[in-house]
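Student: Let me begin by handing over the structure; questions about it come next.
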Amino acid sequence: MNLLEYMRRRNKMTLSEWEDTFEKKEREIIVLRHEGGGGSLRNGFWDWDAYFLAYVDCETGELHKEEGRIEFPVIDKEEPPFQFEEETIYKLRVREKLPEEVPEGVLPSKNHFLVVDILEEDAVCPELEEMLIEYRKPVVLQDDVLGELTYDKLLKSFEGNIAWLRGKIHISLYVDKDNKSGITKAKKSLKTMVLEQKKWDADLRRFAAKELTKLACEWAESEEEATLITEDSFAKRISLSLIWVTSGGSFTAYLDDDELFFGHSIAVSGSLKKGMISAKIEG
């Protein structure tokens, strides 16, 4: 089964078929709801979910320090049957997701539960209350070159701003706060780019122009406008707004397009070792 077949099969499920992907047995758990979630349109209903940071099995008392999600169906034009506030502890009656075969590239379901009922909001649970206190504490990186970077728990990245040539850009280290080696690699790559920003700024704009000028001409609203778009003019018009670096040290630089692509971002990806690899429009 490939990814396309998997997605088609999942999206064709009726509400009854979707509910059958969860165990029949009901159980009680206490979850630490933190943040994040959303909905996916299925066959006549929405599969709505909310993420949690950890949960306690009420039958065994075992604490599971793993993220997961609670799910429930929402019928079109109906109010959602449940509302889950962020940073709140809930006691729930649930049915656990059954194991399923998934194609390569799709993570198997783990710690997914169908909500049957909310038994208690602001439930008492010392273990989860302690985790919530820790979760609420800001995580900040201080660096002599990058300045102050604050960890965004939802994005799982360190975010900040830094001076770049005559202005400022946003910087992002896409690495878990507990991944010490990943933080070191990401910081090293980004610091190199910042310390050599004049060179990197020119190289990024030049590479994007080389790869995308032809496409920009195709997007032009008239032949006259297209004749004015050259690699040189393209490179001068665009400007860097964000550098995003992963735990492995690879980067994606986002540049403002100056309406060459009607407001879409230009994304240039690569690494210090391999240089710039690709340029495309996003957003």
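Student: Which value, in nm² and rounded to one decimal, describes the direction-averaged projected area of the C-alpha convex hull of region 96-168?
Tutor: Averaged projected area of region 96-168's Cα convex hull equals 9.6 nm².
Student: I would also like to ask the following. Put one equal scatterer on each alpha carbon of the chain, apply the Debye formula with no solvent term, and list log10 I(q)/I(0) at q = 0.07, 0.15 1/Å to two decimals.
Tutor: -0.39, -1.12
Student: Oh, and also: So who's got an amide H within less than 5 Å of the one on THR88, skipping anything under 5 residues away but keeping other chains? H placed 1.01 Å off N, in plane.
Tutor: ARG33
Student: When each pair of different Cα atoms in region 27-135 is counted once in the 1/r mean, what is the Kirkwood radius in angstroms, to one decimal?
Tutor: When all Cα pairs of region 27-135 are included, the Kirkwood radius is 14.5 Å.
Student: Another question about this same structure. I'd like to know which of VAL194, THR88, GLY44 lies farthest towards the positive end of the charge dipole of region 42-197, counting +1 on Cβ of Lys and Arg and -1 on Cβ of Asp and Glu.
Tutor: With unit charges placed on the Cβ atoms, the residue in question is VAL194.
Student: Ok, one more. Could you pull out the GluC sites (Glu not before Pro) across region 92-151 that fall in loop regions by DSSP (anything but H, G, I, E, B) with no more than 14 other Cβ atoms inside 10 Å?
Tutor: Sparse-neighbourhood loop GluC sites (Glu not before Pro): GLU100, GLU101, GLU104.
Student: Identify the trypsin sites (Lys or Arg not before Pro) of region 8-37 meeting these criteria: DSSP loop state and at most 13 other C-beta atoms within 10 Å of the C-beta.
Tutor: Sparse-neighbourhood loop trypsin sites (Lys or Arg not before Pro): LYS12, LYS24, LYS25.
Student: Run the numbers for MET7 and GLU224: contour at 0.36 nm per residue of separation, minus the present Cα-Cα distance, in nm.
Tutor: Here the segment from MET7 to GLU224 would lengthen by 73.7 nm.
Student: Name all residues of region 226-255 having a backbone nitrogen under 20 Å from the label point set 7 Å from the Cα of THR184 along its Cα→Cβ direction, giving them as ranges.
Tutor: Label zone hits: 245-251.
Student: While we're here: Multiply the residue gap between GLU100 and ASP57 by 0.36 nm, knock off their C-alpha separation, and tell me the result in nm, one decimal place.
Tutor: Contour length minus the Cα-Cα distance gives 13.3 nm.
Student: At most 16 other Cβ atoms within 10 Å and a DSSP loop assignment: could you name the trypsin sites (Lys or Arg not before Pro) in region 216-283 that fit?
Tutor: Of the trypsin sites (Lys or Arg not before Pro), the ones in loops of region 216-283 whose Cβ has at most 16 other Cβ atoms within 10 Å are LYS273, LYS274.
Student: Of ASN111, ASN161, ASN43, which has the largest mean-square fluctuation in a 10 Å C-alpha GNM of the chain?
Tutor: Judging by the Gaussian network model, the answer is ASN43.
Student: Another question, then. Can you compute the helix-only [θ] at 222 nm over the chain? Use -39500 (n - 2.57) per DSSP H run of at least 4 residues, normalise by all residues, nearest 500 deg cm²/dmol.
Tutor: -8000 deg cm²/dmol
Student: Given 0.36 nm per residue, what is the gain on full extension from GLU19 to GLU78 after removing their alpha carbon distance, in nm?
Tutor: My answer for the length gained is 19.4 nm.
Student: Further, regarding this structure: Quick one: plug the Kirkwood hydrodynamic radius of region 140-282 (C-alpha pairs) into Stokes-Einstein at 10 °C, 1.306 mPa s, and report D in µm²/s.
Tutor: So the translational diffusion coefficient is about 101 µm²/s.
Student: Something else about it: Starting from the eigenvalues of the Cα gyration tensor, five times each then square-rooted, give me the equivalent ellipsoid semi-axes of region 46-92, largest first, whole Å.
Tutor: 24, 10, 10
Student: Let me ask something additional. Lys/Arg Cβ at +1, Asp/Glu Cβ at -1, dipole of region 3-130 taken about the Cα centre: which of PRO73, VAL31, LEU119 is farthest positive-ward?
Tutor: Looking along the dipole axis, the top candidate is PRO73.
Student: Something else now. Mind jotting down a quarter of the surface of the convex hull over the alpha carbons of region 198-276, in square nanometres, one decimal?
Tutor: Taking a quarter of the hull surface, the average projection is 5.1 nm².
Student: Which pairs break 25 Å Cα to Cα here: LYS198/LYS236; LYS91/LYS153; LYS199/LYS274; LYS65/LYS188?
Tutor: Where the Cα-Cα span goes over 25 Å, the pairs concerned are LYS65/LYS188.
Student: Just how large is the dipole of the chain about the Cα centre, in debye to the nearest 20, putting +1 at every Lys and Arg Cβ and -1 at every Asp and Glu Cβ?
Tutor: Dipole about the Cα centre, nearest 20: 1480 debye.
Student: Follow-up. Provide the FRET efficiency to the nearest 0.05 for the HIS64-PHE262 pair, computing r from the beta carbons and using R0 = 45 Å.
Tutor: 0.45
Each reported figure results from applying straightforward, stated rules to the coordinates on display, with no laboratory input. For clarity, every value in this text was computed on a predicted model and none was experimentally measured. Cβ sites come from the backbone with ideal geometry, for glycine too, and all protein chains shown count toward neighbours.
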